[in-house]
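*Asks:* Here's a structure for you.
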């Protein structure tokens, strides 16, 4: 019997991510980032739009930021 490791994906709203990690993110900063780079963030799976709701995959967002992508304007 093979065992599979299932990685759970934790999704946050803008408000819950800012509350979860206030040292790294502010609500306004996240909104600005999504406004400027929304399509690129969606393409890498860091942002998921569900109707009017925006969900953020924190790990993918951090990976995207580590690559220096926030320096470029969307």
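The values are calculated or read from the model by the stated rules, or taken from the named source; none is laboratory data. Quick caveat: nothing in here was measured; it's all calculated off a predicted structure. Because the Cβ atoms are built from the backbone with ideal geometry, glycine has one as well, and the counts that use them run over all protein chains shown.
*Asks:* Test residue 17 against the stated conditions and say whether it is in contact with a strand residue (DSSP E or B) (Cβ under 6 Å, 6 or more places away or on another chain) and modelled with pLDDT of 95 or more. Please lay out each step first, then the result.
*Replies:* Numbers: in contact with a strand residue (DSSP E or B) (Cβ under 6 Å, 6 or more places away or on another chain): yes; modelled with pLDDT of 95 or more: yes.
In short, yes.
*Asks:* Return the residue satisfying two criteria in turn: it lies in the range 48-66 and is in contact with a helix residue (DSSP H, G or I) (Cβ under 9 Å, 6 or more places away or on another chain) and farther than 13 Å from residue 17 by Cβ, and of such residues it is surrounded by the most Cβ atoms within 10 Å (Cβ to Cβ).
*Replies:* 64
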